[in-house]
Amino acid sequence: MNANLVDVAVMVTLTNGYSFEVFPNETVLDAAIRAGIPIPYSCRSGTCRTCISRVISGSIEHDPEYLDDLLIDQDEVADGYRLLCSSLAHTDSVIERDD
Amino acid sequence: MATNTFNNFLTPQRGVEESAQLLQRLYLVERELLRALGGWHMSISNWELKSLVPRHWWQDSLHADAFRNRVLELRYPRRDVDSRHDPDLLSFLGELTRAQTDAEFALGIYHVVKPALIAAYEQYIAGCDTLLDAPSVHHIEHTLIDERAHLRAAEPVLAGLDSDQVAAAQPWVNYLSTYLSAIGGILGTGPRSDLPLKDACAGRPAYHVPPRAVRDPRFAPAVVESPRRPPRTPRESQVWYAIDHANEMWAAEVPGAMMWEWANMPWEFYMDAARWGYDEQRHAEMGIRRLTAWGFEMGIDYPMVGDPYHAIIEQGHGLLTVLALLYYFERDAPRFKQQAKEKYASLGDYTSAQDSDYDWADEALHLRYGYTWLNHMLGADAKQRLPELVKEAGELWERWLAERWERGEDGYGPFMERIEARIAAAEATEQAIA
């Protein structure tokens, strides 16, 4: 991972029309909450799967520090799914949300 | 005067292996208590008793977990901790659910097993070196606080049971007491004698969770808990929401049923199910508290029924599909509860808002439980079958409910009249005060 990419805020866009800025080392969900974007969530620790979403473009990855605690399987990750409460955005990205 | 000598050894007390064996018995008793309480929960008709036991099975799961961990600290093989039990103790504990009435079940738990368990804990501490075995003593002292509180909490509930039923339960109580004595007590250290196999109470059939969730006979008969029409006013919305909460007892009964019927699951399953069931009972209590404060009489002014469980069982499906239905509801819960919190706060109903806030937090746990254990039960097919089963469970429920409404078999008419009358009366009172 290019360290420079996480030193600046990036823009995340949802397919339902919302966009918001994500700061370095801020989870995508925290950024959405800060911006008042209504994404359903509950545990904020990657264990309830309420915020699971598919990343269509860009680079959003799970925080490597908590990978072992996340309730998501590798097939889902390979298909682009991320638990937004435990994910960091590294580049401008688009996430599929129809709610 | 004290004399320094190398001969003042302590009297030999229990060693590690014996302590581990005794603690494993205590773990087994706590574990089987929570399974019995969970399994029989669906059959309990007395509402006060049904409301009491989930907290006790949850606390028993914490006790069991503490002792299970402690056993493993005492050089006890991991492979044996969940399986290598005294068969006599296991058989005795298996008798508890063979009760045939609320009184038999409750008296067996609260007048036979739990008092004997308290005595066993006291006996354990009296016979141990509190320095060498200090972690065990710590767990036992904290467990004793809970177990004594269970007995205190149970007494008024037992006093409220039908007196004829309580009197008729005495042979069952005597049978269990005799059985427990015959196996040397909870710790197995007392004298043993022949099991009371010729007692009139012996040989009853094994218990299975019934196909219907039993409700208190003081309640009016009910089929569904959901009103056929959506709420028309904010006040109705508050009441509809509280009725939904009050009826979450079915979601406490289902984890309880799973704890009983699924006897060979990993220990963590019982921990999760115990907490899940207790949380749902708390949610039911939240709704009842709101409705009672608004002047509604439980089970009379609004229905109390386990309709989602009935919907799945009546259509020929089993507990796994019921678990899938529970997960189906839980998946939407965070969004729903979050919105409810905001909605009721905006109406100035901070009690309902706060109920939703804590309920929302609980749902995070339940979602993990549901996903984890559905995956476990479905095994290698889980990736494909889990979403299919959850979808199927949701469709079974929606179809069952729609049919009741369409056919006019929802039984809601009398309840709706009383609900509307209660709301009108409350609003009239508020206007008069204003």
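Points to keep in mind about this one:
- A single entry from B:D199, B:D146 fulfils the requirement of being over 22 Å from the mean Cα position of the chain (by Cα) and closer than 28 Å to B:S45 by Cα: B:D199.
- Residue within the stretch B:299-319 that is away from chain A (no Cβ under 12 Å), small (G, A, S) and open to solvent by 10 Å² or more (accessible area, probe 1.4 Å) present: yes
- Looking only at the stretch B:288-298, and only at residues there that are buried (at least 19 other Cβ atoms within 10 Å of the Cβ) and in contact with a strand residue (DSSP E or B) (Cβ under 9 Å, 6 or more places away or on another chain), the one that is nearest to the other protein chains (Cβ to nearest Cβ): B:I288
- Number of residues in the stretch B:372-396 that are open to solvent by 20 Å² or more (accessible area, probe 1.4 Å), more than 20 Å from the chain's Cα centre (by Cα) and of a type outside the set (D, E, K, R): the value is 8.
- Under the condition of being open to solvent by 20 Å² or more (accessible area, probe 1.4 Å), within 12 Å of the chain's Cα centre (by Cα) and within 13 Å of chain B (Cβ to nearest Cβ), the residues counted in the stretch A:50-69 number 1.
- Test: residue in the stretch A:83-93 that is away from every other protein chain (no Cβ under 14 Å), more than 19 Å from A:I39 (Cβ to Cβ) and hydroxyl-bearing (S, T, Y): yes
- Exclusive hit being closer than 22 Å to B:L34 by Cα, part of a helix (DSSP H, G or I) and touching an Asp or Glu at 6+ places or on another chain (Cβ under 7 Å), set B:I118, B:I145, B:I109: B:I118
- Within the stretch A:18-47, considering residues that are among the hydroxyl-bearing types (S, T, Y) and within 11 Å of chain B (Cβ to nearest Cβ), the one surrounded by the fewest Cβ atoms within 10 Å (Cβ to Cβ): A:S45
- Those residues of the stretch B:121-137 which are part of a helix (DSSP H, G or I) and either in contact (Cβ under 8 Å) with a residue 40 or more places away in the chain or among the aromatic types (F, W, Y) (or both), in sequence order: B:Y121, B:Q123, B:Y124, B:P135, B:S136
- Residues that are within 20 Å of A:P40 (Cα to Cα) and within 14 Å of chain A (Cβ to nearest Cβ) number at least 2 in the following helices (runs of 4 or more DSSP H) confined to the stretch B:329-434: B:350-378, B:382-406.
- Unmet requirement for B:E420, which otherwise passes all of (1) over 22 Å from B:A284 (Cα atoms); (2) open to solvent by 50 Å² or more (accessible area, probe 1.4 Å): (1)
- Yes/no for B:Y278 being touching a Phe, Trp or Tyr at 6+ places or on another chain (Cβ under 6 Å) and within 30 Å of B:D349 (Cα to Cα): yes
- Exactly one residue among A:E21, A:E61 is modelled with pLDDT of 95 or more and under 28 Å from B:K337 (Cβ atoms), and that residue is A:E21.
- Given (1) touching a residue at least 12 places away in the same chain (Cβ under 8 Å); (2) out of contact with any strand residue (DSSP E or B) (no Cβ under 8 Å at 6 or more places or on another chain); (3) open to solvent by less than 50 Å² (accessible area, probe 1.4 Å), index of the condition B:A345 fails: (1)
- Among the residues of the stretch B:94-106, those that are open to solvent by less than 30 Å² (accessible area, probe 1.4 Å) and either touching a Leu at 6+ places or on another chain (Cβ under 7 Å) or not in a helix (DSSP H, G or I) (or both) comprise B:E95, B:A99, B:D102, B:A103, B:A106.
- Verdict on B:N69 being out of contact with any helix residue (DSSP H, G or I) (no Cβ under 7 Å at 6 or more places or on another chain) and open to solvent by 10 Å² or more (accessible area, probe 1.4 Å): yes
The values are calculated or read from the model by the stated rules, or taken from the named source; none is laboratory data. Keep in mind that what you see is a predicted model, and the values were worked out from it rather than measured. FYI the Cβ positions are ideal-geometry reconstructions off the backbone, even for glycines, and counts take in every protein chain you see. Only protein heavy atoms, including side chains, enter the accessible area calculation; ligands, DNA and RNA are left aside. Shrake-Rupley method; radii C 1.70, N 1.55, O 1.52, S 1.80 Å.
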